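Notes for the one structure printed next.
The values are calculated or read from the model by the stated rules, or taken from the named source; none is laboratory data. In this text the structure is predicted, and so the values were computed from the model without any measurement. Cβ coordinates were reconstructed from backbone atoms using ideal geometry, including for glycine residues, and neighbour counts include every protein chain displayed. All accessible areas refer to the heavy atoms of the entire protein, side chains included, with ligands and DNA or RNA removed. Shrake-Rupley method; radii C 1.70, N 1.55, O 1.52, S 1.80 Å.
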Amino acid sequence: MGLLTSEQVEEARGEVSGDLGVLDTLVAKGELMDESVTMAKAAQAGAEVIELDAIQLADDVISAVPRNVVKRFNAVPIYVSDDTVTMALADPTDLEAIDGLQVALGKQIEVRVAGEKEIQNAINRYYGGTKSKDDSVSKMIQDITEGEVEIASLGELEADKGTVVTADAPIIKLTNQIIIDAYRSRASDIHLEPMQHTFRVRYRIDGVCHIVKSPPKSLQASVIARLKIESNMSISEKRIPQDGRIQCDVGEKVIDLRVSSVPTTHGESIVMRILDKDGLKLGLPTLGFFTDDQQIFEEMIGLPDGILLVTGPTGSGKTTTLYSCLNFINRPDRKIITVEDPVEYVLAGINQVQVNETVGLSFARALRSMLRQSPNVVMLGEIRDLETATIAINASLTGHLVFSTLHTNDAPSAVTRLIDIGIKPFLVASSTRAMMAQRLVRKLCPKCVAPIQPTENELRSIGIDPGNVEDANYQKGKGCSNCNSTGHRGRFGLFEIFVVNDEARKLIYEKVPSSVLRQRAREMGMKTLREDGCRKVVAGLTTVDEVIRATSME
């Protein structure tokens, strides 16, 4: 294969010692890669190479081959049929292992080839490592359900004291591992959902939910009770929704989780939002702005007064954008105060107020008090009612820069929403500086991205005329271990920025319909969400499908 010279082989033969063979010696010296050895063995045996890290093995496949068989022959099952088992081995010429597997399983063996490290990772992942300190969720569930440990009944939990009996230590480890696995998978949310016969666990990764190995229904009550204790909820109260927070150590890093519990037909549903502050420190470019939009946005957030509104549905990244803005303008000479419900990220150098309706601290009351603190910049989590909107408008007119969010489909509709709430059109026109709608789409995985040529129908479906586009860089992810075979890793925004200039103020004052305002905004240079998505498809940053999914209302 041209990977080595005969001199290198002879030199390695002279250095062989102990249990290391020639190949192991060459790999240890860095003259040969493990992947090259795998490819060579596969070519020699005429077997197919498979990338174990890039696939998800089905539960029925894992259960069909016992743990002791997998560990004894150092092989991983990939597919099981009535009379055949497809196994991944590091050495396809190891006839002794193949014969042993055939006898142990009583079926014909089809061989695939995978790297030694990939096989070991897969065994640890699906069957549990022999000496692994950090066992996987699958291993813990298997140990618990096989009776290797005893679980205390829910009645032995000491309600609301934050303590559990010693026998519940496996449940503590299991709940902690669910959180750790989610964080390592780059999940934004963990969903624990009681069904009629199952207890489903899903991770939301890059905006898409993925089902993962779930505990049996019998552990539902114990797992939920443990999470409620960790988040300082009342475990005796199961009739009303509750909210809480958890702080968890992952290696040397501390992560925060916002926890919500809601009673459902088959038990309490728990959703945990993983809050990672590192993404806020990366700056505005990582949000997905093209240079022209970023320049407009930076000008807007650098103004001394006025209101800047970020709009979009739940989960469109509005809060992250606002925090990134605050981080961008956070300087010692500026006083910044926020009112949030709840405070999601704690930022250094910023005064953050948590809304507490039970003691009468509403958005409006907190905002009114904040203005006596002489702030330069005010951030409102959301404008929900007339009172809050009125105070925010007045604050912007008296020399404060106000950031907030609204739930509208596009940027110009924010004007209609404010007027519907009860704000006078002339106040909206004079106070608002810009309105920005946004959506999130998935990025292409940098490890497996490859050029493609979309069909003409695909391009026209999002408004791209193939004849008018030059130097297009259409790309798509093929799927690899880095992106869990999805072809996507991470997300960024599509943006629609409506700058309120003199002409727009006149239209707002005249109370024109939102459709007319939107049309005039486009004539004044506003790029719609779909148009911004088209630019990013042509630039090779995302795919046509992602843009259609995020901007279907257009």
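Annotations for the structure displayed:
- Matching residues, region 254-296, being at pLDDT 75 or above, surrounded by fewer than 13 Cβ atoms within 10 Å (Cβ to Cβ) and not hydroxyl-bearing (Ser, Thr, Tyr): 254, 262, 292, 295
- Scope region 368-397; condition within 33 Å of the chain's Cα centre (by Cα) and of a type in the set (Asp, Glu); matching residues: 382, 385
- Here is the figure for region 480-508: residues that are open to solvent by 10 Å² or more (accessible area, probe 1.4 Å), at pLDDT 90 or above and not in a strand (DSSP E or B) total 6.
- Among the conditions (1) within 30 Å of residue 364 (Cβ to Cβ); (2) touching a Gly at 6+ places or on another chain (Cβ under 9 Å), residue 491 misses just one, which is (1).
- Any hit, region 226-235, residues being touching a residue at least 60 places away in the same chain (Cβ under 8 Å) and open to solvent by 60 Å² or more (accessible area, probe 1.4 Å): yes
- In the set 13, 72, only one residue is in a helix (DSSP H, G or I), touching a helix residue (DSSP H, G or I) at 6+ places or on another chain (Cβ under 9 Å) and surrounded by fewer than 13 Cβ atoms within 10 Å (Cβ to Cβ); that residue is 13.
- Residue in region 445-453 that is in contact with a Cys (Cβ under 9 Å, 6 or more places away or on another chain), under 17 Å from residue 541 (Cβ atoms) and surrounded by 19 or more Cβ atoms within 10 Å (Cβ to Cβ) present: yes
- Some residue of region 540-549 being in a helix (DSSP H, G or I), under 30 Å from residue 185 (Cβ atoms), touching a Ser or Thr at 6+ places or on another chain (Cβ under 9 Å) and open to solvent by 30 Å² or more (accessible area, probe 1.4 Å): yes
- Candidates 406, 326: the one that is modelled with pLDDT under 90, in contact with a strand residue (DSSP E or B) (Cβ under 7 Å, 6 or more places away or on another chain) and buried (at least 21 other Cβ atoms within 10 Å of the Cβ) is 326.
- Any hit, region 283-298, residues being out of contact with any Phe, Trp or Tyr (no Cβ under 8 Å at 6 or more places or on another chain) and under 30 Å from residue 190 (Cα atoms): yes
- Residues located in region 509-537, provided they are part of a helix (DSSP H, G or I) and either open to solvent by less than 30 Å² (accessible area, probe 1.4 Å) or small (Gly, Ala, Ser) (or both): 514, 515, 517, 521, 529, 532, 533, 534, 536, 537
- Pick from region 171-225, criterion touching a Lys or Arg at 6+ places or on another chain (Cβ under 7 Å) and part of a helix (DSSP H, G or I), ranking: surrounded by the most Cβ atoms within 10 Å (Cβ to Cβ): 175
- Selection status of residue 464, crowded, with 16+ Cβ neighbours inside 10 Å, at pLDDT below 90 and of a type in the set (A, V, I, L, M, F, W, C): yes
- Members of region 438-479 that are within 30 Å of residue 49 (Cβ to Cβ) and either among the hydroxyl-bearing types (Ser, Thr, Tyr) or in a strand (DSSP E or B) (or both): 442, 443, 444, 449, 450, 451, 474, 475, 476, 477
- Residue count, region 187-218 (criterion: charged (D, E, K, R) and either without any contact (Cβ under 8 Å) to a residue 40 or more places away in the chain or out of contact with any strand residue (DSSP E or B) (no Cβ under 6 Å at 6 or more places or on another chain) (or both)): 5
- Options 87, 39; residue that is at pLDDT 75 or above, surrounded by 15 or more Cβ atoms within 10 Å (Cβ to Cβ) and within 30 Å of residue 6 (Cβ to Cβ): 39
- When every residue of region 129-143 is checked against the conditions, none turns out to be open to solvent by 70 Å² or more (accessible area, probe 1.4 Å), modelled with pLDDT of 75 or more and part of a loop (DSSP other than H, G, I, E, B).
- Going through (1) surrounded by fewer than 20 Cβ atoms within 10 Å (Cβ to Cβ); (2) more than 21 Å from residue 395 (Cβ to Cβ) one by one, residue 316 falls short only on (1).
- Taking each residue of region 379-395 that is open to solvent by less than 50 Å² (accessible area, probe 1.4 Å) and looking for partners that are among the charged types (D, E, K, R) and part of a helix (DSSP H, G or I) with beta-carbon atoms closer than 6 Å, six or more apart or interchain, yields 391/368.
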